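Laboratory data are not the source of any read-out in this text; all were calculated from the coordinates shown. No experiment lies behind these values; they were computed from the predicted model shown. FYI the Cβ positions are ideal-geometry reconstructions off the backbone, even for glycines, and counts take in every protein chain you see.
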């Protein structure tokens, strides 16, 4: 079964490029979100395995919404950015972003970035479960 991806990107051209790169890498894009669509509802409706957010589209409200949705629907979240922004990195970390990638994204790199984000997410949640059992 193909990994299901939800994209959050306000740029139609960039989203189309990323959809093509994901498709070439064997992923299925189940939704492309622009603006302030209801991310919580879309996550519930589409059940993505991974969420990819373009940093320029990730306003503080969007990140907070993803963080809130992540409590009910925990998913690995990858943020793509053109520039390193320390404030955005802090906000992204608080929202539960699994990977933050700055520039240099190629179609060949998409697959490994998503795989690392999924592995990191799974490892973190496995540690959380072990800690909960130990407590």
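Of all residues in the range 94-108, which are surrounded by 12 or more Cβ atoms within 10 Å (Cβ to Cβ) and touching a strand residue (DSSP E or B) at 6+ places or on another chain (Cβ under 8 Å)? Within the range 94-108, 95, 96, 97, 98, 99, 100, 101, 102, 105 meet the criteria. When residue 105 is tested against (1) without any contact (Cβ under 8 Å) to a residue 24 or more places away in the chain; (2) outside any helix (DSSP H, G or I), exactly one condition is not met: (1). Only one of the numbered conditions (1) surrounded by 16 or more Cβ atoms within 10 Å (Cβ to Cβ); (2) touching a helix residue (DSSP H, G or I) at 6+ places or on another chain (Cβ under 7 Å); (3) closer than 18 Å to residue 109 by Cβ is not met by residue 8, and that is (3). Scanning the range 108-121 for residues that are closer than 22 Å to residue 17 by Cβ and either without any contact (Cβ under 8 Å) to a residue 40 or more places away in the chain or over 11 Å from the mean Cα position of the chain (by Cα) (or both) yields 108, 109, 110, 111, 112, 113, 115, 116. Report every pair of residues separated by at least 6 positions or lying on different chains whose Cβ atoms are under 7 Å apart, first residue within the range 78-101 and free of Cβ contacts under 8 Å to residues at least 60 places away in the same chain and on the phi > 0 side of the Ramachandran plot, second surrounded by 20 or more Cβ atoms within 10 Å (Cβ to Cβ) and assigned to a strand (DSSP E or B). Listed pairs, sorted by first residue: 96/77.
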